[in-house]
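Accompanying notes for the structure given below.
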Amino acid sequence: MNKPTIAVHKFSSCDGCQLALLNLGEPLLALTELVDIIHFAEAGPVDEDAKVDIAIIEGSISTTDDNERLKKIRDNSSFLITIGACATSGGLQALRNMANTNEWIADIYANPSVINSLDESTPIKDHVKVDLELWGCPINQRQILMAIRSLLSGVSPLEEQDKVCMECKRRQTVCVMVTKNEPCMGPVTRTGCGALCPSVGRDCYGCYGPAENVNTQGMTNRLQGLGLLDEEIAKRFLFFHSGTDVFQQQRLRIKETK
Ligand code: SF4
Ligand code: SF4
C-alpha cells in the first residue's frame, strides 16, 4: 500500500521551524515508516512540483514570485498546514508593513535595485485556503507530530487557541507576573509551547500569537500598572505578530490614547 506523502516548502523565513521538524530525531525516523517525505529541501529530498497528501509551509509571502509558487503548492496538495509566525501572521518581517519598505531597503542594501521585495509581508492564509495553522516562533516538535499523527488516523487536528496562562495553571507553574512583576504576555498569547518561558521563570513575549477572546486592553492596563511606557507596551504587542489584527488594533488604541 502506498504511504501518504508529505512536502515541506519554504517561503520568507529563517528556517527555524523546518529545523524544529528536523530536530525531531528518532520520532522523525519513525514518521518516515508511516509517510513518504517527497520534498523537504533542508533535509535532502527535492521534488517541488510533486502532488502530495500534506503540504507543510514555512514562511511568509514577501516577493512577487511567491504567489505563483504558492498557488501551485495549493493545487498539488490535499491538506495544507502552515507552520510558524512567518506563515501564520507574516512574522517579524511584517514589521515592514508599518514602514516605508523602499527606505528600509535603501538603508540596508548596497544595491537596492536588485531586491525584488513586496511592500508587505503577508501570511499564507491571505492568498490560499489553509487547512491548519500551527503558530509559534518557532513551532515545537509536539505540535507538528500531533498534527501529522491525527491526520494519519483520520482525525481532524486540534487547533490550540487557549491562553498560555491556562497552560501554566495546568502545569502548576508559578505565575511570573503575580510573583515577580514580570510583564508576561501569557494572558493574551495562545498556548502550544507548554508555557515554556514561565516554566523557567521568564515572562512570555507572545511568540505564539494571539489566543482567542483576548482582553488586550486589560493586558495593556496591567502592563501600565507594572510601570511600562506606552511605547514599550505597543512593542510587546508587535514583536512577532504585528501582522495580526488583534495586536495591531491594540497598538493603534495605545497610540490614539497618548
Ligand atoms: S516563525 Fe520564527 S523560527 Fe519559524 S521560520 Fe519564522 S522566524 Fe524562523
Ligand atoms: S511562553 Fe510565550 S514567548 Fe515563551 S515560547 Fe511560549 S508563547 Fe513563546
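The values are calculated or read from the model by the stated rules, or taken from the named source; none is laboratory data. This structure is a prediction, so every number in the text was calculated from the model and none was measured. Glycine also receives a Cβ, built like all others from the backbone with ideal geometry; neighbour counts cover every protein chain displayed. SASA here: full protein model, heavy atoms, side chains in, ligands and nucleic acids out. Shrake-Rupley method; radii C 1.70, N 1.55, O 1.52, S 1.80 Å.
Where helices (runs of 4 or more DSSP H) fall entirely within the stretch 61-139, those with at least 3 residues that are under 28 Å from Met185 (Cβ atoms) are at 84-89. If the condition is being within 14 Å of ligand 1 (Cβ to nearest atom) and either open to solvent by less than 30 Å² (accessible area, probe 1.4 Å) or modelled with pLDDT under 95 (or both), then the stretch 194-206 contributes only Gly206.
Scan the stretch 199-207 and tell me whether some residue there is in contact (Cβ under 8 Å) with a residue 60 or more places away in the chain, under 30 Å from Val52 (Cβ atoms), in contact with a strand residue (DSSP E or B) (Cβ under 9 Å, 6 or more places away or on another chain) and of a type outside the set (Phe, Trp, Tyr).
yes
Of the residues making up the stretch 34-60, those that are part of a loop (DSSP other than H, G, I, E, B) and farther than 20 Å from Ser121 by Cβ are Val35, Ala41, Glu42, Ala43, Gly44, Pro45, Val46, Asp47, Glu48, Asp49, Ala50, Lys51.
The number of residues in the stretch 126-158 being within 20 Å of Cys86 (Cβ to Cβ), open to solvent by 60 Å² or more (accessible area, probe 1.4 Å) and more than 15 Å from ligand 2 (Cβ to nearest atom) comes to 2. What about Ser13, is it within 23 Å of Arg96 (Cα to Cα) and under 22 Å from the mean Cα position of the chain (by Cα)? Yes; evaluated as a whole, the condition is true for this residue.
Could you run through the stretch 185-211 and say how many residues are in a loop (DSSP other than H, G, I, E, B), more than 13 Å from Phe239 (Cβ to Cβ) and over 15 Å from the mean Cα position of the chain (by Cα)? The number of residues fulfilling the criteria is 5. Applying a threshold of 6 Å to beta carbon distances and a minimum spacing of six or more residues, or different chains, the list of pairs starting in the stretch 6-29 at a residue that is more than 19 Å from Arg142 (Cα to Cα) and ending at one that is part of a loop (DSSP other than H, G, I, E, B) and within 8 Å of ligand 1 (Cβ to nearest atom) reads Lys10/Gly59; Phe11/Gly59; Ser12/Gly59; Ser13/Gly59. Within the set Cys175, Cys184, the sole residue that is over 21 Å from Cys137 (Cβ atoms), touching a Lys or Arg at 6+ places or on another chain (Cβ under 9 Å), open to solvent by less than 60 Å² (accessible area, probe 1.4 Å) and within 13 Å of ligand 2 (Cβ to nearest atom) turns out to be Cys175. Just checking, does the stretch 64-74 include any residue being open to solvent by 40 Å² or more (accessible area, probe 1.4 Å), closer than 23 Å to Val155 by Cα and either among the aromatic types (Phe, Trp, Tyr) or without any contact (Cβ under 8 Å) to a residue 40 or more places away in the chain (or both)? Checking the stretch 64-74: not a single residue is open to solvent by 40 Å² or more (accessible area, probe 1.4 Å), closer than 23 Å to Val155 by Cα and either among the aromatic types (Phe, Trp, Tyr) or without any contact (Cβ under 8 Å) to a residue 40 or more places away in the chain (or both).
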